[in-house]
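Worksheet: the structure to be examined is printed underneath.
The values are calculated or read from the model by the stated rules, or taken from the named source; none is laboratory data. Here the structure is a predicted model, which is why all the values come from computation and not from measurement. With ideal geometry, Cβ positions are generated from the backbone for all residues, glycine too; neighbour counts draw on all protein chains shown.
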Amino acid sequence: MKIIFKLILPLILATGFVSPSYPASTGIGGNSEWGNPSDGVQLSLSTSDPNASELQVAFRNVGNRDVMLNLGGMMANGKVQLPQGISIEFTDGQGKVRLFKFADKKHSSVGGRLDDYIVPLRVDSMYTLSVTLDQFWCPETNEFKIPLTAGKNHLTAQFRGTGAHFINLDTPGIRLMNFWLGNVESNTVTIER
C-alpha cells in the first residue's frame, strides 16, 4: 500500500487534483482589505453592492491563541442574533462624522430570555456576517439609518470585545470563557454617490 501511495502522490500533485491553498490575507468576496490587528483579531468591512444596501463584516484571528467573541445578544434561544457590539463610524459626503450602533428595529423589545451572542474564533479562522444600513442608528443625532449622501461616504466598522453579559441560571460557567476583550477597527469603505 505504501508503494502505491508513493507512486500515486506525485501524479496527483502533478495533475492538480489537490485543491489549491489560499493565503490567509485573501478576504471575503476577494476583498483583501483589513484593519490593523488588535491583540490577534482583525476586522474587515466590505460590500459587493454599489448601493451598499448590504455590508459584510468579517472577523479574523491572526493571533496565536483561540478566542471567543461576544458580538452582542441573542433572543428566543438563538433564533434572533443581534450583533450590538458592532458599530460603524460614518463620514458623509459633506464631511460630517458620527457613530452608528447596531440596533435592529425589528427586535427593539425583549419579552423573554437573553443570551450572549458568542462566536468561537480559532487561530487562522474567520467569521463573517451580513448587516444592512437600516440596522444602525446614531444616538447623538437620532438617525435610524446610515444616510448615504452625495459625494464620498466613508464607513469604518468598529468592535469592542466584552465578557459575558447575560448569565442565566443554566449557564453560570459562561463568564469563565476565554473572551477577547480588545478594541478593533476595520478598513474604510468609500461609497460615492
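What pairs can you find where one residue is in region 174-189 and in contact (Cβ under 8 Å) with a residue 12 or more places away in the chain and in a loop (DSSP other than H, G, I, E, B), the other is among the aliphatic types (A, V, I, L, M) and surrounded by fewer than 19 Cβ atoms within 10 Å (Cβ to Cβ), and their Cβ atoms are less than 6 Å apart, with a gap of 6+ or different chains?
MET177/MET68; ASN178/MET68
Kindly evaluate ALA52 against the criterion of being among the aliphatic types (A, V, I, L, M), surrounded by 15 or more Cβ atoms within 10 Å (Cβ to Cβ), at pLDDT 95 or above and touching a helix residue (DSSP H, G or I) at 6+ places or on another chain (Cβ under 8 Å).
Considered against the rule, which asks whether it is among the aliphatic types (A, V, I, L, M), surrounded by 15 or more Cβ atoms within 10 Å (Cβ to Cβ), at pLDDT 95 or above and touching a helix residue (DSSP H, G or I) at 6+ places or on another chain (Cβ under 8 Å), ALA52 comes out as no.
Just give me the residues in region 147-159 being part of a loop (DSSP other than H, G, I, E, B) and either among the hydrophobic types (A, V, I, L, M, F, W, C) or touching a Lys or Arg at 6+ places or on another chain (Cβ under 9 Å) (or both), in sequence order.
Matches in region 147-159: LEU148, THR149, ALA150, GLY151.
Go through region 52-80 and give me each residue that's free of Cβ contacts under 8 Å to residues at least 40 places away in the same chain and either touching a Cys at 6+ places or on another chain (Cβ under 7 Å) or among the polar types (S, T, N, Q) (or both).
If the condition is that a residue be free of Cβ contacts under 8 Å to residues at least 40 places away in the same chain and either touching a Cys at 6+ places or on another chain (Cβ under 7 Å) or among the polar types (S, T, N, Q) (or both), then ASN77 is the only one that fits.
One residue is enough: does region 76-96 have a residue meeting the conditions basic (Lys, Arg) and modelled with pLDDT under 95?
Yes: region 76-96 contains one or more residues that are basic (Lys, Arg) and modelled with pLDDT under 95.
Residues to consider are THR128, THR162, THR141; find the one that is at pLDDT 95 or above and either in a helix (DSSP H, G or I) or farther than 28 Å from GLY40 by Cα (or both).
THR141
Against the conditions (1) surrounded by fewer than 18 Cβ atoms within 10 Å (Cβ to Cβ); (2) modelled with pLDDT of 50 or more; (3) among the polar types (S, T, N, Q), where does ASN61 fall short? Just the number, please.
ASN61 satisfies all of (1) surrounded by fewer than 18 Cβ atoms within 10 Å (Cβ to Cβ); (2) modelled with pLDDT of 50 or more; (3) among the polar types (S, T, N, Q) except (1).
Only residues that are aromatic (Phe, Trp, Tyr) and within 27 Å of ILE146 (Cα to Cα): list them for region 156-184, please.
Within region 156-184, just PHE159 meets the criteria.
Name the residue, out of LYS101, LYS106, that is more than 19 Å from MET177 (Cα to Cα) and outside any strand (DSSP E or B).
Of the residues listed, the single one that is more than 19 Å from MET177 (Cα to Cα) and outside any strand (DSSP E or B) is LYS106.
Can you go through ALA157, ALA164 and tell me which one is of a type outside the set (Asp, Glu), touching a helix residue (DSSP H, G or I) at 6+ places or on another chain (Cβ under 8 Å), touching a residue at least 24 places away in the same chain (Cβ under 8 Å) and within 19 Å of LEU82 (Cβ to Cβ)?
ALA164
Of the numbered conditions (1) surrounded by 18 or more Cβ atoms within 10 Å (Cβ to Cβ); (2) in contact with a helix residue (DSSP H, G or I) (Cβ under 8 Å, 6 or more places away or on another chain), VAL131 satisfies every one except a single condition; which is it?
All conditions pass for VAL131, except number (2).
Only residues that are loosely packed, with under 15 Cβ neighbours inside 10 Å, touching an Asp or Glu at 6+ places or on another chain (Cβ under 9 Å), in contact (Cβ under 8 Å) with a residue 40 or more places away in the chain and not β-branched (Val, Ile, Thr): list them for region 100-124, please.
Correct list: PRO120, ARG122.
So for region 181-189 (the condition being at pLDDT below 95 and crowded, with 18+ Cβ neighbours inside 10 Å), does at least one residue qualify?
No.
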